[in-house]
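The values are calculated or read from the model by the stated rules, or taken from the named source; none is laboratory data. Keep in mind that this is a model prediction, so the values were computed, not measured. In this analysis, Cβ positions are derived from the backbone assuming ideal geometry, glycine residues included, and neighbour counts consider all displayed protein chains. These accessible areas exclude ligands, DNA and RNA; they are computed on the full protein's heavy atoms, side chains included. Shrake-Rupley method; radii C 1.70, N 1.55, O 1.52, S 1.80 Å.
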Amino acid sequence: MATIDRFFQHLVSEGGSDLHLSEGEPPKIRKHGSIVSIPNEPVLEGPSFEEMLEEIAEPKAFARYKKSGDLDFAYAMDDESRFRCNYLKQQNGYAAVFRLIPTKIVSLEDLNIPSVIKEFAHMRSGLVLITGPTGSGKSTTLAALIDYINTNFSRHIITVEEPIEFVHRSKQSIITQREVPIQTPTFSDGLRSSLREDADIVLVGEMRDLETISLALTAAETGLLVFGTLHTNNARKTIDRIVDVFPASQQAQIRTMLAASLKGVVAQLLMKRCDTPGRTAVNEILFSNTAVASIIREGKTQKLYDVIIGGKSEGMQFMDDAIWDKLREGIVSPQEAYMKAIDKTRFRNFLPEEDADLAIASGESPMEH
């Protein structure tokens, strides 16, 4: 048993999501969205903390971390508990953040994700983007979608991840999981290789640079179904982010490629529940159609709001409408709805008087669609 496992055991028993260890601080966990200290634990410091971190890392990787100051990998404490590990350096020394990865892949139904996103699983080519801020459950939703494909279709699915989070067993499909930088040096290398590996579907853990995004668009155009993730909050920002990665001279061409290959965007946020402990996912859903393709080509992404609102019968959903539904059902508080909404004025009237006054004083953010 590794020294650090006692912290992991506490995290699991408390139902927490993340463990935070930082030199000069006591250990803490994130539980239902809030950070709390682990009781009766001393401040982490000195060689003992370094040894604790070193114990669960590959020796070469840890040596690299000591030089560069960053390291990502996965660690399995036991058959039930697997963690995504991020080592970093901060002003007081070493630090690390660990995200608990459920070993059981939860179904889309159990996640309460709109069942309409299963339509992406039936597609044979194109680009599908799952987006949201860090910790919004993108990986969990994507794992559920891949598991749905694995259960119902005979495909070759290649994942390129840093690190591998959810471990998939081949069912109807063949699943090949590759970890950056262990089995493939970079996301772009893994994606480029997949074009020669008889893949039907490629999952790109993160589309963070020009080369990876460019390869993903090319792969989607050449007949692969590509799933990718981005740290954006809604469909409009997602499309703008992809185009803005490229130099101005290439943007018209990229808009044309994206218009042709994009099949849809699923943006996700996690909201703190008020009816029961825990959090709930809310989604914005965009399916590409001729109107969406035209908007992307013309670079007029502000018009996507009208398309999403008008596409309700096709399964499209605007983020604020999803938040509104959770508020109306009594699942989230007015304060939480206000904080996560894009058009905050829509939710201000539901705030208690003192919070409403504060919102007015601080100035509402305008709509971003």
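At-a-glance table
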{"item": "Filter result (in contact with a strand residue (DSSP E or B) (Cβ under 9 Å, 6 or more places away or on another chain) and of a type in the set (A, V, I, L, M)) within region 94-117", "result": "Ala95, Ala96, Val97, Leu100, Ile101, Leu111, Ile113, Val116, Ile117"}
{"item": "Cβ-Cβ under 9 Å pairs, at least 6 apart or on other chains, region 37-51 side touching a residue at least 40 places away in the same chain (Cβ under 8 Å), far side surrounded by 10 or more Cβ atoms within 10 Å (Cβ to Cβ) and part of a helix (DSSP H, G or I)", "result": "Glu50/Lys66"}
{"item": "Residue list for region 158-169, filter: more than 19 Å from Asp209 (Cα to Cα), assigned to a loop (DSSP other than H, G, I, E, B) and touching a residue at least 40 places away in the same chain (Cβ under 8 Å)", "result": "Ile164, Glu165, Phe166, Val167, His168"}
{"item": "Candidates Gln253, Gln302 - the one that is over 22 Å from Ala341 (Cβ atoms), open to solvent by 10 Å² or more (accessible area, probe 1.4 Å) and not in a loop (DSSP other than H, G, I, E, B)", "result": "Gln253"}
{"item": "When residues of region 276-299 are limited to those that are outside any strand (DSSP E or B) and within 25 Å of the chain's Cα centre (by Cα), the one surrounded by the fewest Cβ atoms within 10 Å (Cβ to Cβ)", "result": "Thr276"}
{"item": "Yes/no for Ser115 being under 18 Å from the mean Cα position of the chain (by Cα), open to solvent by 40 Å² or more (accessible area, probe 1.4 Å) and under 21 Å from Met319 (Cβ atoms)", "result": "no"}
{"item": "Selection count where residues are more than 18 Å from Val106 (Cβ to Cβ) and open to solvent by less than 30 Å² (accessible area, probe 1.4 Å), scope region 162-173", "result": "2"}
{"item": "Single residue of region 197-250 satisfying the filter (in contact (Cβ under 8 Å) with a residue 60 or more places away in the chain, of a type in the set (Ser, Thr, Tyr) and not in a loop (DSSP other than H, G, I, E, B)) that is nearest to Ile157 (Cα to Cα)", "result": "Thr229"}
{"item": "Of residues in region 260-275 being open to solvent by 40 Å² or more (accessible area, probe 1.4 Å) and of a type in the set (A, V, I, L, M), the one farthest from the chain's Cα centre (by Cα)", "result": "Ala260"}
{"item": "Qualifying positions in region 185-213 - buried (at least 19 other Cβ atoms within 10 Å of the Cβ) and within 17 Å of Arg255 (Cα to Cα)", "result": "Met207, Thr212, Ile213"}
{"item": "Matching residues, region 170-185, being without any contact (Cβ under 8 Å) to a residue 12 or more places away in the chain and polar (S, T, N, Q)", "result": "Gln183"}
{"item": "Count of residues meeting criterion [open to solvent by 40 Å² or more (accessible area, probe 1.4 Å), assigned to a helix (DSSP H, G or I) and basic (Lys, Arg)] in region 119-150", "result": "0"}
{"item": "Cross-chain or 6+ apart pairs with Cβ under 8 Å, region 8-23 first and among the basic types (Lys, Arg), then open to solvent by 60 Å² or more (accessible area, probe 1.4 Å) and not in a strand (DSSP E or B)", "result": "none"}
